[in-house]
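So the structure is just underneath, and the comments pick up after that.
The values are calculated or read from the model by the stated rules, or taken from the named source; none is laboratory data. Just so it is clear, the model here is predicted, and its values are computed rather than measured. Cβ coordinates were reconstructed from backbone atoms using ideal geometry, including for glycine residues, and neighbour counts include every protein chain displayed. Just so you know, the surface numbers come from the protein's heavy atoms only, side chains and all, with ligands and any DNA or RNA stripped out. Shrake-Rupley method; radii C 1.70, N 1.55, O 1.52, S 1.80 Å.
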Amino acid sequence: MSNPTPENRVPECLRPPKAGSIGLRDADAAMDMLPLTKLPYGLLPKRNRYYQPPKMYLGYIVTNDWVNSVAKEHNLVALAMSDEGDLCEVRLQTRENVFKFIAKEAGITSFVPAMSAIYRFPGMTPDTWLLTLMSSYDDRPVGNPTNSDIHKIQLYLKKAEPPKWYLSALHWKWGVRPYRGKRW
């Protein structure tokens, strides 16, 4: 078997720890090099293998303030009656409304973005999230964005660069878990 090309090699710091333990080989160095512009093949899960790579998300950084401002500006805030009879915001539904609105406004047809918790890097605030286009564990090609739709999101968000790959906050390490071609 030939060696993978340099762009497909998993960086040393993102490789699994030695002796098959869970985690990352060098988490501090990994935080310094993330996000990735391209996802190396070695970070994709392998069907029917149980020692799997960390979950990675492709997307753009957003904040709660940004999501809330879009929701208020376009009247997308979801409200529900509390047990005490007060109206309160249903945050998950509000986020879903915002992402459906973005998909519609940007003319996206292949997917609806989601919001994911990512591993926080130095300088990120607690309200930093990722507007997620796909994950490394998503089935291909079902539910994944087309290149055209990724470009539409980039234009809608007025981003100069294409989306990048970020480490999941929940599934950030190599570990033993089955993968049968389905999402987490």
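Residues considered: TYR41, TYR60. Of these, the only one that is of a type in the set (Phe, Trp, Tyr) and either closer than 23 Å to LYS159 by Cα or crowded, with 16+ Cβ neighbours inside 10 Å (or both) is TYR60. Pairs meeting the criteria (first residue in the range 14-35 and assigned to a helix (DSSP H, G or I), second residue of a type in the set (Ser, Thr, Tyr), beta carbons under 7 Å, at least 6 apart or on different chains) are GLY20/TYR51. The number of residues in the range 91-106 that are open to solvent by less than 30 Å² (accessible area, probe 1.4 Å) and touching a residue at least 40 places away in the same chain (Cβ under 8 Å) comes to 2.
Of all residues in the range 20-34, those satisfying the criterion of being open to solvent by 40 Å² or more (accessible area, probe 1.4 Å) and under 17 Å from ALA169 (Cβ atoms) are ILE22, ASP28. Give the range 36-60 a look and list any residue that's of a type in the set (A, V, I, L, M) and part of a loop (DSSP other than H, G, I, E, B), or say none. Within the range 36-60, LEU39, LEU44 meet the criteria. Scanning the range 63-90 for residues that are assigned to a helix (DSSP H, G or I) and open to solvent by 80 Å² or more (accessible area, probe 1.4 Å) yields ASP65, LYS72, GLU73.
Those residues that are surrounded by fewer than 17 Cβ atoms within 10 Å (Cβ to Cβ) and modelled with pLDDT of 80 or more, I need them from the range 111-128; list them, please. Listed by number, the residues that qualify are VAL112, ALA117, THR128. For the range 91-119, a residue qualifies if it is assigned to a helix (DSSP H, G or I) and either in contact with a helix residue (DSSP H, G or I) (Cβ under 8 Å, 6 or more places away or on another chain) or among the β-branched types (Val, Ile, Thr) (or both), and the qualifying residues are THR94, ARG95, ASN97, VAL98, PHE101, ILE102, GLU105, ALA106.
Of the listed requirements (1) modelled with pLDDT of 90 or more; (2) out of contact with any Leu (no Cβ under 7 Å at 6 or more places or on another chain); (3) not in a loop (DSSP other than H, G, I, E, B), GLY175 misses just one: (1). Condition check for GLU161 on (1) modelled with pLDDT of 90 or more; (2) outside any loop (DSSP other than H, G, I, E, B): one failure, at (2).
For SER136, the criteria (1) free of Cβ contacts under 8 Å to residues at least 40 places away in the same chain; (2) surrounded by 14 or more Cβ atoms within 10 Å (Cβ to Cβ); (3) of a type in the set (Ser, Thr, Tyr) hold in every case but one, which is (1). Taken over the range 67-103, the criterion of being among the polar types (S, T, N, Q) and modelled with pLDDT of 85 or more is satisfied by ASN68, SER69, ASN75, GLN93, THR94, ASN97.
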